[in-house]
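Comments concern the structure below.
The values are calculated or read from the model by the stated rules, or taken from the named source; none is laboratory data. None of these values were measured; they are calculated from a predicted model. FYI the Cβ positions are ideal-geometry reconstructions off the backbone, even for glycines, and counts take in every protein chain you see. The accessibility values were calculated without ligands, DNA or RNA, using every heavy atom of the protein model including side chains. Shrake-Rupley method; radii C 1.70, N 1.55, O 1.52, S 1.80 Å.
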Protein chains: 2
Amino acid sequence: MTADHINPFLSAAISVFDSMLGVPLEREQPFVRKAFEPLYELTGVIGLSGKATGTVAVSMPAEMAMTVTSRLLGESQLTSNDQVIDAVGELTNMIAGAAKAKLEKMELSIGLPAVIVGRQSAIAFPSRATPISIPFKSPIGPLVIDVGLVAAPVG
Amino acid sequence: MTADHINPFLSAAISVFDSMLGVPLEREQPFVRKAFEPLYELTGVIGLSGKATGTVAVSMPAEMAMTVTSRLLGESQLTSNDQVIDAVGELTNMIAGAAKAKLEKMELSIGLPAVIVGRQSAIAFPSRATPISIPFKSPIGPLVIDVGLVAAPVG
């Protein structure tokens, strides 16, 4: 995986946060996540397939997820946890969708987001697909996007 | 989502466990998972896309995951956690791949498995895609497969 594969996710996240939430994201130094390193409390996970296969995980603290949900819905009062799940899933979907558009040559299609909830949970990728983690900071909290992509088998 | 969509995953799991691990799986009553209901310690998650988009999650206790890994590798001594992550990811991939073959009309392609690790973690799907959970019991431990599938937008 090269910078050419990572940059579309990076700029997709910045652009989605700006246009949908009015929140500026500031990128920090990418790193390689160790297995069992804990995620933030809410993590949207979405699969990519096409000429490459991959997974994107968008992880944020609970408080930030609630702020994101309020802004997406335009409501200051949240009435259920389902709203937060849907918002984190939808945000993950929008970031993957924007990155997909920038990676046209890979002819990616994106799956349905699932949302992982848990203070102690961790995410790991198969050893053949070392993921790159891109941390961001923002006025509403920190965010980490993990991207793992491998070339799809030919045929 | 109907039985026609669930049955391929059910028979895929039974067939993969039989052929790859020599383990008989016995299905129990499917249920609708409530958000925040905890998963077992290791959960492989894989995205599906094509004429439908979806996610499959295969969740098992840590002890069972170690037994699965030993059997897949043909080694009784495991040397690293990465072996277990890879085995759970690969098993998830094989189940999704076998189900995909049975759902030919949906022209599904499958993503890269990610593995969720955590005793307290839970998985939730967007409210538009109520997942069905299929529990199994086996001589090496219990297993739950969650399937969420929705028709892909036309165009």
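If the condition is being under 20 Å from A:LEU91 (Cβ atoms) and more than 7 Å from chain A (Cβ to nearest Cβ), then the range B:119-135 contributes B:ARG128, B:PRO131.
Within the range A:34-44, at least one residue is within 14 Å of chain B (Cβ to nearest Cβ) and without any contact (Cβ under 8 Å) to a residue 12 or more places away in the chain. Out of all the residues in the range A:105-116, is one or more in contact with a helix residue (DSSP H, G or I) (Cβ under 8 Å, 6 or more places away or on another chain), open to solvent by less than 10 Å² (accessible area, probe 1.4 Å) and either among the polar types (S, T, N, Q) or farther than 30 Å from B:GLN83 by Cβ (or both)? The answer is no, given that none of the residues of the range A:105-116 is in contact with a helix residue (DSSP H, G or I) (Cβ under 8 Å, 6 or more places away or on another chain), open to solvent by less than 10 Å² (accessible area, probe 1.4 Å) and either among the polar types (S, T, N, Q) or farther than 30 Å from B:GLN83 by Cβ (or both). Scanning the range B:97-114 for residues being assigned to a helix (DSSP H, G or I), within 14 Å of chain A (Cβ to nearest Cβ) and charged (D, E, K, R) gives a total of 1. Residues in the range B:34-66 that are surrounded by 22 or more Cβ atoms within 10 Å (Cβ to Cβ) and in a loop (DSSP other than H, G, I, E, B): B:LEU39 only. Report yes if some residue within the range A:75-82 is open to solvent by 30 Å² or more (accessible area, probe 1.4 Å) and assigned to a helix (DSSP H, G or I); otherwise report no. Among the residues of the range A:75-82, at least one is open to solvent by 30 Å² or more (accessible area, probe 1.4 Å) and assigned to a helix (DSSP H, G or I), which makes the answer yes.
Anything in the range B:133-155 that is of a type outside the set (Asp, Glu), under 12 Å from the mean Cα position of the chain (by Cα) and modelled with pLDDT of 90 or more? List them, or say none. If the condition is that a residue be of a type outside the set (Asp, Glu), under 12 Å from the mean Cα position of the chain (by Cα) and modelled with pLDDT of 90 or more, then B:SER133, B:ILE134, B:PRO135, B:PHE136, B:LEU143, B:VAL144, B:ILE145, B:VAL147 are the ones that fit.
Quick one: A:VAL88 ticks every box in (1) facing chain B (nearest Cβ under 10 Å); (2) out of contact with any Leu (no Cβ under 6 Å at 6 or more places or on another chain) bar one, so which box is it? Looking at each condition in turn, A:VAL88 falls short on (2). Within the range B:92-115, being closer than 15 Å to A:SER127 by Cβ and hydrophobic (A, V, I, L, M, F, W, C) holds for B:LEU112, B:ALA114, B:VAL115.
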